[in-house]
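Q: Input: one structure, supplied below.
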Amino acid sequence: QVQLVESGGGLVQAGGSLRLSCAASGRTFSSYAMGWFRQAPGKEREFVTLISRSGAGTSYADSVKGRFTISRDNARNTVYLQMNSLKPEDTAVYYCAAGRAPISDNPAGYNYWGQGTQVTVSS
């Protein structure tokens, strides 16, 4: 069992930055690949980025490529999402998720989810 707790969301102006964190419980964090998803009001949950168990492999949605960076610290059981050059369309609840590899941009492949953290980008 893995419990995930996101933090770091908030209100920011367009062009600003935020850093989200996702802290995981348990001693098996490094055995899970991790992903970030987001869901805006009235829209389906969408893939943002993922990172492999070691951190060597990453993948990004085209909409965030070049602006967002995912990283992880297995010693701290934490995954991060650095978000730069934020746009109003990035406004959503952001969720982190853990999955046994192989994982992809399909949320069905993830076993555990956090409760989400709100990110609001004003224009």
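The values are calculated or read from the model by the stated rules, or taken from the named source; none is laboratory data. Predicted model only: the values in this text are computed from it and were never measured. Every residue, glycine among them, receives a Cβ derived from its backbone with ideal geometry; neighbour counts consider all protein chains shown. Only protein heavy atoms, including side chains, enter the accessible area calculation; ligands, DNA and RNA are left aside. Shrake-Rupley method; radii C 1.70, N 1.55, O 1.52, S 1.80 Å.
Q: Tell me, what % of the accessible area of the chain is carbon and sulfur with a 1.4 angstrom probe?
A: 45
Q: Still on this model: To the nearest Å, what is the center-to-center distance of region 67-93 and region 1-53, using C-alpha atoms only?
A: About 7 Å separates the Cα centre of region 67-93 from the one of region 1-53.
Q: State the extension gain, in nm to one decimal, for the chain segment bounded by ARG100 and LYS43, taking 0.36 nm per residue of separation less the distance between their alpha-carbons.
A: Once the chain is fully extended between ARG100 and LYS43, it gains 17.9 nm.
Q: Right, next: On the first, second and third principal axes, largest extent first, how far apart are the outermost C-alpha atoms of the chain in Å?
A: 41, 26, 25
Q: Taking the solvent-accessible surface of protein heavy atoms with a 1.4 Å probe, what is the per residue accessible area of region 54-102 in Å²?
A: Each residue of region 54-102 exposes 47 Å² on average to a 1.4 Å probe.
Q: Would you tally the net charge around SER7, using a Cβ to Cβ cut-off of less than 14 Å, leaving SER7 out, and scoring K and R as +1, D and E as -1?
A: Within the 14 Å Cβ shell, the charges total +1.
Q: Sort ARG53, ARG76, ARG67 from largest to smallest accessible area, using a 1.4 Å probe on the heavy atoms of the protein chains.
A: Of ARG53, ARG76, ARG67, the descending order of accessible area is ARG76, ARG53, ARG67.
Q: Please give, to one decimal in nm, the separation of the simple spin-label points placed at GLN1 and ARG19, each 7 Å out from Cα toward the Cβ.
A: Using points 7 Å along Cα→Cβ, the separation is 3.1 nm.
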